[in-house]
């Protein structure tokens with residue numbers, strides 16, 4: 001996926017919204033910047049399919065040799081799919097965070113949270129100021 | 001670490017350096033009205049001689065295993081402690097060392113912890129051990145919490161009446177403020193009825209907590225219990241007796257997902273009930289959910305073997321509210337003693353101790369029940385403990401009389417199991433001799449009855 005087409009949160013998650021039979025689906029992952037900052041990844045935990053999330057809820061955690069970080073869902077909705085193979089192939093998260101490194105798909109029930117997200121340019125500005 | 005002096009000259013120099021006239025000056029910021037005036041209402045200080053006499057007098061009120069023959073069990077055991085355990089563990093480098101806040105400074109301690117973990121993994125057949133927890137009861141509870149976390153099933157935990165009643169009390173305390181249903185399967189025949197268990201384990205159940213050998217000394221059908229748990233996606237937590245593993249299959253081979261134990265019997269004294277050693281080991285899949293510290297081996301510069309505290313990112317001092325547990329320490333000295341004991345005994349020594357326990361406890365059970373008064377409460381095979389029913393039913397008086405005659409004959413069970421108030425739990429370790437067993441049996445024939453003549 002082209003990062004220019006994605007929305008970003010302050011906590012380094014990216015979101016890609018598509019429509020499927022009238023429902024809005026958000027695909028969520030973490031940015032290349034986040035992956036680089038974390039350095040060597042050792043562990044990833046994703047939620048169960050069916051889990052209901054509210055904007056700001058933790059949906060999983062990622063551990064590197066440096067730290068354990070929580071990942072947050074920016075919108076309300078239900079987890080309808082997870083990238084189940086990803087915890088066993090963390091390299092692909094490092095190599096392709098915006099593609100093969102996607103983590104969860106959420107059927108959006110309230111998209112208010114999307115308004116708080118940044119476009120790629122604004123996100124890059126945030127990263128350069130961090 | 002060097003001994004740090006604190007002479008009057010040192011104090012003077014320090015006071016001069018900060019510009020204070022006296023130590024009292026350091027408290028000047030506390031208003032006088034808030035400070036205690038006058039003499040403290042405590043007795044005058046004692047000299048060393050007086051103090052030893054006073055403490056000796058107090059201690060003489062305790063009765064202990066060096067002046068009575070011990071048949072007590074129930075989680076604390078009178079096993080032999082080889083002299084090398086005391087000799088090595090009392091070395092100053094180990095005995096007085098507190099956890100250094102930069103753990104890697106203390107390579108010796110970390111290596112000892114790593115060796116302990118390795119021995120526990122070999123003993124249990126599990127993949128990973130932590131650096132130890134407080135005691136067998138808290139280890140069992142931490143394992144239950146861990147299983148709730150792993151299975152993401154916070155709603156239900158199943159255990160059995162044959163698990164140590166005090167461990168179950170600790171569990172109840174920990175679970176009090178969680179929304180979790182604790183189901184305890186009854187064990188009227190001394191072991192878990194599989195049908196009853198299967199009826200209560202469901203897809204909401206986080207784990208089944210069993211003890212094997214159980215609190216009554218009886219063996220449980222752990223493999224079948226593991227199947228029942230796993231069929232519902234629940235985990236099996238097994239509390240085990242480390243000494244029993246000289247003979248019995250290891251928890252890892254029986255299907256346990258987390259194995260926990262009271263490690264006191266591995267070279268540690270009964271010490272009137274503590275401090276003790278909490279053992280915990282699990283399968284590798286669950287290592288990130290395991291509470292406590294884990295020492296790991298790695299390579300330092302120059303390709304040197306060295307040790308670190310690993311997976312600390314999940315610990316309480318780093319992650320606070322998201323930590324796996326609020327446990328933030330281990331029983332370093334007792335874990336070290338357990339390592340020395342296990343290394344000294346080896347598989348052959350562990351087997352010999354376990355065999356002696358089985359033979360001697362079976363001999364004791366036969367001898368004691370050869371008359372009319374006593375019988376075994378359960379006919380399930382046991383390891384080193386067994387439940388004895390007294391047809392006279394005067395357990396408290398009988399145990400009291402036995403104590404007067406020089407025997408800790410056992411533990412009365414009525415306090416936890418009303419249906420067993422005419423029963424007591426008796427334990428026979430490798431330390432008991434045939435003569436001691438025979439004379440206890442003779443003593444118990446009369447104990448608690450009016451005819452007893454006190455020596």
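Read-outs throughout are calculated quantities, based only on the coordinates presented, and are distinct from any laboratory measurement. Everything quoted here is computed from the prediction, not taken from an experiment. Here the Cβ positions follow ideal geometry from the backbone for every residue, glycine too, while neighbour counts run over all protein chains shown.
Side notes on the structure shown:
- Inter-chain neighbour count for A:39-48: the average number of beta-carbon atoms from partner chains within 10 Å of each residue's beta-carbon is 1.
- Evaluated over the Cα positions of segment A:3-114, the convex hull gives a direction-averaged projected area, one quarter of its surface, of 6.4 nm².
- Each listed q (0.09, 0.15, 0.19 Å⁻¹) maps to a log10 I(q)/I(0) for segment B:156-288, found by the Debye formula over equal Cα scatterers with no solvent: -0.25, -0.72, -1.16.
- For segment B:38-152, the square roots a ≥ b ≥ c of the C-alpha gyration tensor eigenvalues yield an a/c of 1.5 or more together with a/b exceeding b/c, which makes the shape prolate.
- Gyration tensor (alpha-carbon) shape descriptor, segment B:127-180, a/c threshold 1.5: oblate
- Computed over chain B, the range of Cα coordinates on each principal axis works out to 83, 58, 49 Å, biggest value leading.
- Mean projected area of the Cα convex hull of segment A:81-130, taken over all directions, amounts to 4.8 nm².
- Acute angle (nearest 10 degrees) that the helix B:107-124 long axis makes with the longest principal axis of chain B, alpha-carbon atoms: 10
- Extension gain (nm, one decimal) between residue B:230 and residue B:91, 0.36 nm per residue minus Cα-Cα: 45.5 nm
- Normalised contact order of segment B:83-342, rounded percent, pairs of Cα under 8 Å and 6 or more residues apart: 28
- Cα gyration tensor, the protein assembly as shown - rounded (a/c under 1.5), prolate or oblate: oblate
- Relative exposure of B:357, B:427, B:443, judged by other C-beta atoms within 10 Å (fewest first): B:443, B:427, B:357
- Inter-label distance for residue A:119 and residue B:40, nm, one decimal - labels placed 7 Å from Cα along Cα-to-Cβ: 7.2
- All Cα pairs of segment B:83-342, percent lying beyond 26 Å: 38
- When both bridge partners sit in the protein assembly as shown, DSSP labels roughly 75% of those beta bridges antiparallel.
- Of all beta bridges that DSSP places with both ends in segment B:83-342, some 45 percent have antiparallel geometry.
- GNM top mover of A:19, A:78, A:111 - chain A, alpha-carbon springs below 10 Å: A:19
- The mean sequence distance of close C-alpha pairs (under 8 Å, at least 6 residues apart), as a share of the length of chain B, puts its relative contact order at 19 percent.
- Alpha-carbon Debye profile of segment B:260-417, log10 I(q)/I(0) at 0.09, 0.12, 0.15, 0.20 Å⁻¹: -0.52, -0.81, -1.04, -1.36
- For B:164, A:120, the sequence from fewest to most other C-beta atoms within 10 Å is A:120, B:164.
- Inter-chain neighbour count for A:62-74: the average number of beta-carbon atoms from partner chains within 10 Å of each residue's beta-carbon is 2.
- Cα→Cβ-extended label distance, 7 Å offset, between residue B:352 and residue B:303, nm: 4.1
- Each residue in B:156, B:32, B:434, B:249 was given a count of other beta-carbon atoms within 10 angstrom of its own, and listing them fewest first yields B:32, B:434, B:249, B:156.
- A straight line joining the Cα centroids of segment A:1-56 and segment B:1-61 runs 61 Å.
- Chain B: antiparallel DSSP beta bridges as a percent of all, rounded to 5: 55
- Rounded Å value of the spacing that divides the Cα centres of segment B:199-252 and segment B:322-376: 18
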